[in-house]
Amino acid sequence: MKIQYAAGLLISLAATNAAFAQEEEVTLLRVPMTKKHARGIHHKRDANLYNDYGSIYLIDVQVGTPPQHFELALDTGSADLWIPGSLCPNSVCPLARFNEKSSTTFVPSNEAFNITYGIGNAHGTYATETVTIAGATVENQKFGYVDTTENILTEVKTLEGSTYTPTISSGDNSSTYGTDFRMDGIFGLGYPFLTASVDKPYNPFFFNLKAQNKISKNIFSIFLNNSESYGNSGEIIFGGIDESKYTGEISYLPVVKTDRRTQTLATVSDFGFWQVYGQGISVKNGIQKDIQVKFDNTVPFVFDTGTTLSYLPTSVLEPIIDAAVGKANVAYDKVNNYFQIRCSMAKENTRIEVVMSTTAEVTTTPVTMSVPIADLIFPMDTEQVSTASVCMFGIVPTAGTIFIGESLLRSVYQVYDAELNRIGIAGAVSSNATVTNVGGKNTDSNSNDNGNNNKAEQGTSKSSMTKSNTMITLIGLVFTLYLI
């Protein structure tokens, strides 16, 4: 999770239990998303990375007996659920903190919990508790009980260089937010192999839903809606799919296994990140020209709802932006590492295409996610692109892992299938994005070992999880640029 956010635009997942019936009698949980927008300045999480207008997706989680409420960031790019404990200082945990003395089901442990994200970290110990989401309760759920954090819940930097620490607004109540940013911790949705646990591997909450028969299928699906939608704007479904939220057919891609180092420095592989085989990026209907940046070999594309923007190597992104809008319509801010773009470019018919393979090899029959450039342009001085005078592009340069973040994922309906180890995508009804599958065949399995270890093997991972160090980096990435 490359967590980037601001005080401006808040999205929460209201905890409601509205299971609906399909032709098959599947048990699933529908959790509607509500979005509230409060006018405010932009913020950034570090000196080099900007977000768009401050969006983050939160899910209401109840922990303990009786339940205590927490608003946690929904993150497909990590696996652990963690919340601040009572010993976490106000200086780094300024909002909700769990009071273990008030719960009759809290069980502490001495196992260390240490996790590092791209922008900060959290430390404490593991514990077990009763955890409830949308009326579905998982007992004895292992989670991170945090006593210190750095640059996660506090010290949000503004564009002017000052820092901002969220506080509880006097206007806050159980169902609404004040103007201040609210986030109490992280709700990871990655595979068990991705957790920070060492000696006692465990199933994260999502996997325990199926293990404890709370849902019928080990699947969750996400509809984020567009960046300017508010109110009941989207949803996450645990256990199934909502066919009314997408157009066309869902195209499936196999999940690429994640490599991690053991305590003896051996490399082990299993399903961890929700990542697919990427083979290129293209521009259609570009102002300057149409191009294809084709990789000579596939590389992982990480699907990460915890990352506001999307990240591409500079050597790939620069020709893509040039072809899409032309040098006269874009300017690179070297200090802050983002591209400022003319807001009027949102009116163009240009499309950015993410090209992915259904195998580990580059294919001539890829799955292509085609996103209108309007979906990737965000206002920086107003709430709407149509009234903004300064805008930014939703993809930024990186020297490391390619992340398909919120800026692109909003345009598609996403299906995360842990039973068949695959990711499905289709154009979201809130966007003019399309998904095409040239081969016409959806991937039902990754390989003969597709059922391999949805629960991490004991003693195979390091105690600290550092996302930036567990993925294949793109230094030395080889690609070919084609003019169309």
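Here, each number is a calculation from the coordinates, and none is a lab measurement. In this text the structure is predicted, and so the values were computed from the model without any measurement. Backbone-built Cβ (ideal geometry, glycine too); neighbour counts: all protein chains shown.
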Between residue 266 and residue 249, how many nm apart are label points set 7 Å from Cα along the C-beta direction?
-> 4.3
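Once the other residues with Cβ under 11 Å from the Cβ of residue 433 are scored (Lys, Arg +1; Asp, Glu -1), what is the net sum?
Local net charge: 0.
Output the pairs from 294/334; 245/327; 210/245; 245/289 with a Cα-Cα distance over 29 Å in this structure; if there are none, say none.
From 294/334; 245/327; 210/245; 245/289, over 29 Å: 245/327; 245/289.
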Could you line up 345, 356 from fewest to most neighbouring Cβ atoms inside 10 Å?
-> 345, 356
Which distance in nm do the two modelled labels at residue 101 and residue 259 give, with both placed 7 Å along the Cα-to-Cβ direction?
-> 4.9
For residue 398, residues with placed amide H under 5 Å, excluding near neighbours | 312, 314
Please arrange 351, 30 by counting, for each residue, the other beta carbons lying within 10 Å of its beta carbon, fewest first.
-> 30, 351
The ³J(HN,Hα) series, computed from each phi in region 308-321 with the Karplus coefficients 6.51, -1.76 and 1.60 at θ = phi - 60°, rounded to the nearest Hz and given as x for glycine or proline, is 5, 9, 10, 10, 10, x, 3, 5, 8, 5, 4, x, 5, 5
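Among 92-101, 276-285, what's the highest-first ranking by average C-beta atoms within 10 angstrom per residue?
Numbers: 92-101: 18.9, 276-285: 22.2.
Top of the packing list down: 276-285, 92-101.
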